[in-house]
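For reference, the structure discussed in these notes is given below.
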Amino acid sequence: MRRIVLWLLSTVSAVVLLFGYHTSTSGPAATAQAPVGASLATTSSTTTSGGTGGTGGTGGTGSTGSTGGTGSTDGRGGTAGSTVTGDVAQTRWGPVQVQLTTDGSGTITDVEVVQYPAGNREDEQINSYALPVLVQETLDAQSADIDMVSGATVTSDGYLQSLQSALDQVSA
């Protein structure tokens with residue numbers, strides 16, 4: 001009888017510990033709010049005279065909405081560049097948001113990842129590799145027609161959603 005009780009208590013304890021363990025796939029613990037860094041941003045000789053997007057208020061879910069500014073005339077008959085911020089893409093691991101800078105002809109001159117998942121060391125490791133690749137692919141392709149980064153599928157998907165939103169604002 002004692003063996004049965006001991007076995008039952010051991011089994012219950014093991015099940016409780018198993019379901020109570022929090023893994024890195026339990027969801028985002030925190031998200032980065034600052035730009036990825038200078039290593040992701042490219043430099044440009046074009047002076048941007050368009051306004052930058054302001055940050056909207058935070059909602060109940062913690063997401064931040066923002067809208068981009070529009071370009072202005074540079075005095076030489078052309079339109080100077082503009083900076084627009086794409087919509088926040090809520091992913092499984094946290095929000096992803098992209099900010100684009102374009103010149104007067106619509107060429108993408110700079111891409112910054114304003115928000116990205118950084119809730120744990122694995123997120124930081126994945127994004128430190130994936131985000132520069134996505135930024136460079138965007139600059140090379142000059143569109144949202146880029147490949148996803150293997151191993152960072154969720155972040156890549158969120159990046160593409162926010163990038164497309166920013167491109168839609170540029171073309172509007």
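Per-residue SASA remark: GLU124, around 100 Å² accessible (1.4 Å probe; ligands, DNA and RNA not included). Under 5 Å between amide hydrogens, built in the peptide plane, is the criterion, and for GLY104 it picks out GLY81 among residues at least 5 positions away or on other chains. In order along segment 127-144, the phi-based Karplus estimate (6.51 cos²θ - 1.76 cosθ + 1.60, θ = phi - 60°) of 3J(HN,Hα) comes to 6, 5, 8, 6, 5, x, 5, 5, 4, 5, 4, 5, 5, 6, 7, 6, 6, 8 Hz; Gly and Pro are listed as x. Between ASP147 and SER10, residue separation times 0.36 nm minus the direct Cα-Cα distance comes to 44.4 nm. Stretched out straight at 0.36 nm per residue, the stretch from ASP157 to ASP140 would grow longer than its current Cα-Cα span by 4.3 nm.
The values are calculated or read from the model by the stated rules, or taken from the named source; none is laboratory data. Everything numeric here is computed off the predicted structure, so don't read it as measured data. Remember, those area values only see protein heavy atoms, side chains included, never the ligands or the DNA or RNA. Shrake-Rupley method; radii C 1.70, N 1.55, O 1.52, S 1.80 Å.
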